[in-house]
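Heads up: the structure comes next, in structure tokens.
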């Protein structure tokens with residue numbers, strides 16, 4: 001990820017933390033067009049600022065400075081203010097943030113604590129973040145505050161502590177570990193001293209031979225002019241093998257002085273730095289094997305909305321453990337992101353919910369997977385361009401003409417109902433219906449076999465449909481004897497019976513007979529020319545087909561060569577099979 005984008009993502013998550021998410025709207029979706037002037041792309045404005053007292057003395061103890069502020073925002077509402085004082089040298093900073101419910105006008109205070117032994121002299125004020133509910137952020141430098149007539153200079157009298165703690169002893173044990181059979185722990189022991197305010201923390205890390213894997217830890221303790229202790233660093237199995245090198249990347253004291261010791265500096269001081277690690281190495285990050293999101297269009301003019309990103313990942317050795325996804329707004333000024341962690345697994349499927357607050361920027365937002373990690377610390381990212389090149393959807397429409405969600409329904413009983421239809425009402429029943437295909441057999445050319453065709457009323461769609469979202473399905477076996485069979489699934493969209501879009505998902509695995517464990521499948525459509533529905537007589541239909549699973553070249557992808565059939569589940573609150581028509 002680009003450093004600027006990463007900083008923006010982190011800052012956005014901090015500033016909008018606490019924004020609630022509401023349902024995206026009623027289930028019936030007639031497709032109105034909303035006024036795009038309801039977008040909020042403007043950060044809040046600082047309307048008043050002061051602090052008290054204007055001078056403090058920390059010679060005998062700590063002191064508090066209270067910053068008073070007022071802010072205003074045009075649409076989504078201000079939610080946070082962050083302020084800081086920088087010491088004369090810039091080496092010490094005192095900062096704090098205040099967050100509050102979204103409001104178009106707000107006044108409040110922030111307390112900043114100044115401990116004894118801090119740097120003396122004139123500190124300067126900066127308001128480094130005023131944020132709103134959709135992630136717009138504005139900062140005010142010291143010069144900008146002064147130009148606006150706000151006070152910026154704080155006088156601090158102090159017995160100064162400008163010296164960071166000093167490392168006086170360092171060692172670690174054991175000097176060699178073997179993680180072939182499981183994780184191992186290395187204990188770093190240390191002693192340090194500080195001249196005035198007292199040492200409060202130490203952080204250490206071991207870097208792998210390639211530098212791509214790091215094991216680190218920090219420990220904090222009450223301020224002391226002399227302190228000895230230890231911290232543990234865990235090394236999981238499948239980590240990189242070879243000689244890891246130790247670095248102490250932070251010794252801190254009570255006033256914020258920090259000192260680091262590079263590996264070379266530690267070695268020059270006579271401290272041990274090399275740890276030998278024996279391991280069955282895992283140097284490969286997990287691989288993304290499936291990706292989709294739903295819905296592909298949202299409207300936040302009336303309230304917040306949630307987009308669910310579905311994914312599948314695999315990992316060769318240590319097991320995938322996490323994935324992070326984000327959507328970037330058209331201007332790049334707003335970011336919505338989320339991560340999910342899970343127990344290490346060689347293969348894992350799941351979903352991530354990403355919330356979009358009201359008044360967000362309109363237009364086409366782009367998806368990026370900015371981190372897929374494993375238990376050994378390997379991480380891989382996928383840019384928007386890489387996702388698109390792999391055939392995954394990347395574009396989310398925000399505050400455009402509302403799409404129509406089409407759900408699969410059936411009437412006439414839950415088992416192979418005789419009437420299949422599409423409409424824009426979400427299923428209300430708890431028991432899913434199902435439709436079975438005939439038997440499938442790889443012999444004889446592995447022909448596609450029909451599961452069923454669902455047709456909509458002619459007036460359901462009106463306008464030019466430019467794309468269709470992935471069709472979301474749940475499938476299971478018709479006969480439990482077919483456990484291990486893999487299937488291809490094909491979908492066909494038709495207007496008045498004429499095919500205009502189709503797509504396939506190949507080699508669907510882990511299909512079982514138990515209806516409660518039905519496998520969720522996303523089948524995407526290939527791009528197609530825009531289709532104009534007249535809203536009176538033109539009707540859309542969806543046909544679903546299946547065959548024995550293939551590898552993309554026509555050969556079997558494994559499993560049995562035949563099966564009694566594939567069962568599609570739909571029309572239930574737990575199996576809301578369907579897709580979106582997007583204008």
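The values are calculated or read from the model by the stated rules, or taken from the named source; none is laboratory data. Just so you know, these numbers come straight off a predicted model, no measurement behind them. A quick note on method: Cβ atoms are made from the backbone with ideal geometry, for glycine too, and the neighbour counts reach across all protein chains shown.
Select from the range 115-128 the residues that are part of a strand (DSSP E or B) and on the phi < 0 side of the Ramachandran plot and list them in ascending order.
The answer is 122, 123, 124, 125, 126, 127, 128.
Residues that are at pLDDT 95 or above and within 30 Å of residue 286 (Cα to Cα), at least 3 per element: which strands (runs of 3 or more DSSP E) completely within the range 146-244 meet that?
Result: 176-178, 184-193, 199-207, 214-224, 226-235.
Does residue 330 fit the bill of being in a loop (DSSP other than H, G, I, E, B), in contact (Cβ under 8 Å) with a residue 12 or more places away in the chain and assigned by TED's automatic domain parsing to the domain that holds residue 205? Give the derivation first.
On the way: in a loop (DSSP other than H, G, I, E, B): yes; in contact (Cβ under 8 Å) with a residue 12 or more places away in the chain: yes; assigned by TED's automatic domain parsing to the domain that holds residue 205: no.
Criteria not met by residue 330.
All but one of (1) touching a residue at least 12 places away in the same chain (Cβ under 8 Å); (2) surrounded by fewer than 20 Cβ atoms within 10 Å (Cβ to Cβ) hold for residue 433; which doesn't?
Status for residue 433: all satisfied but (2).
Please verify whether residue 300 is surrounded by 19 or more Cβ atoms within 10 Å (Cβ to Cβ) and on the phi < 0 side of the Ramachandran plot, treating the condition exactly as stated.
yes
Tally time: how many residues in the range 180-206 are buried (at least 20 other Cβ atoms within 10 Å of the Cβ) and under 25 Å from residue 238 (Cβ atoms)?
Here the count works out to 5.
Kindly check whether there is at least one residue in the range 460-477 that is out of contact with any strand residue (DSSP E or B) (no Cβ under 6 Å at 6 or more places or on another chain), part of a helix (DSSP H, G or I) and modelled with pLDDT under 95.
Yes, the range 460-477 contains at least one residue that is out of contact with any strand residue (DSSP E or B) (no Cβ under 6 Å at 6 or more places or on another chain), part of a helix (DSSP H, G or I) and modelled with pLDDT under 95.
Residue 523: at pLDDT 95 or above and either over 23 Å from residue 298 (Cβ atoms) or surrounded by fewer than 17 Cβ atoms within 10 Å (Cβ to Cβ) (or both), yes or no?
In short, no.
Quick check on residue 484: is it in a strand (DSSP E or B) and either without any contact (Cβ under 8 Å) to a residue 40 or more places away in the chain or on the phi > 0 side of the Ramachandran plot (or both)?
So residue 484 does not fit the description; no.
I'd like to verify a number: residues in the range 398-428 that are within 29 Å of residue 583 (Cβ to Cβ) and in a loop (DSSP other than H, G, I, E, B), how many?
Number of matching residues: 10.
Can you spot a residue in the range 521-533 that is more than 25 Å from residue 392 (Cα to Cα) and in contact with a helix residue (DSSP H, G or I) (Cβ under 9 Å, 6 or more places away or on another chain)? Outline the logic, then answer.
Let us first name the residues in the range 521-533 that are more than 25 Å from residue 392 (Cα to Cα), namely 532-533.
With in contact with a helix residue (DSSP H, G or I) (Cβ under 9 Å, 6 or more places away or on another chain) added as a condition, the list becomes 533.
For the range 521-533, residues more than 25 Å from residue 392 (Cα to Cα) and in contact with a helix residue (DSSP H, G or I) (Cβ under 9 Å, 6 or more places away or on another chain): present.
Kindly provide the set of residues from the range 343-390 that are more than 20 Å from residue 306 (Cβ to Cβ), assigned to a strand (DSSP E or B) and more than 13 Å from the chain's Cα centre (by Cα), ordered by number.
The answer is 343, 344, 345, 347, 348, 374, 379, 380.
Condition first: closer than 30 Å to residue 119 by Cα and not in a strand (DSSP E or B). Now tell me which residues in the range 245-267 satisfy that.
Result: 254, 255, 256, 257, 262, 263, 264, 265, 266.
Quick check on my filter: what residues within the range 507-533 are within 27 Å of the chain's Cα centre (by Cα) and part of a strand (DSSP E or B)?
Of everything in the range 507-533, those that are within 27 Å of the chain's Cα centre (by Cα) and part of a strand (DSSP E or B) turn out to be 508, 519, 520, 521, 522, 523.
Just for the range 436-456: of the residues that are assigned to a loop (DSSP other than H, G, I, E, B) and in contact (Cβ under 8 Å) with a residue 40 or more places away in the chain, which one is nearest to residue 557 (Cα to Cα)?
Filtering the range 436-456 for residues that are assigned to a loop (DSSP other than H, G, I, E, B) and in contact (Cβ under 8 Å) with a residue 40 or more places away in the chain, the one nearest to residue 557 (Cα to Cα) comes out as 442.
Of the residues that make up the range 128-143, is at least one more than 35 Å from the chain's Cα centre (by Cα), exposed (fewer than 14 other Cβ atoms within 10 Å of the Cβ) and not assigned by TED's automatic domain parsing to the domain that holds residue 273?
Yes, because at least one residue in the range 128-143 is more than 35 Å from the chain's Cα centre (by Cα), exposed (fewer than 14 other Cβ atoms within 10 Å of the Cβ) and not assigned by TED's automatic domain parsing to the domain that holds residue 273.
Restricting attention to the range 43-101, report how many residues are in contact with a helix residue (DSSP H, G or I) (Cβ under 9 Å, 6 or more places away or on another chain) and part of a strand (DSSP E or B).
Qualifying residue count for the region: 8.
Evaluate the range 507-515: report whether one residue or more is farther than 26 Å from residue 431 by Cα and modelled with pLDDT of 95 or more.
Yes, that holds for at least one residue.
Which one is nearest to the chain's Cα centre (by Cα), of the residues in the range 305-323 that are crowded, with 21+ Cβ neighbours inside 10 Å and within 28 Å of residue 578 (Cα to Cα)?
So, considering only residues that are crowded, with 21+ Cβ neighbours inside 10 Å and within 28 Å of residue 578 (Cα to Cα), the one nearest to the chain's Cα centre (by Cα) is 323.
Taking residue 571 as meeting all but one of (1) surrounded by fewer than 21 Cβ atoms within 10 Å (Cβ to Cβ); (2) in contact (Cβ under 8 Å) with a residue 60 or more places away in the chain, write down the number of the exception.
Checking residue 571 against (1) surrounded by fewer than 21 Cβ atoms within 10 Å (Cβ to Cβ); (2) in contact (Cβ under 8 Å) with a residue 60 or more places away in the chain, the one that fails is (1).
Quick grid of which residues meet (1) without any contact (Cβ under 8 Å) to a residue 60 or more places away in the chain; (2) surrounded by fewer than 21 Cβ atoms within 10 Å (Cβ to Cβ); (3) assigned by TED's automatic domain parsing to the domain that holds residue 493; (4) touching a strand residue (DSSP E or B) at 6+ places or on another chain (Cβ under 9 Å):
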site	(1), (2), (3), (4)
351	yes, yes, no, yes
369	no, no, no, yes
374	no, no, no, yes
413	yes, yes, yes, yes
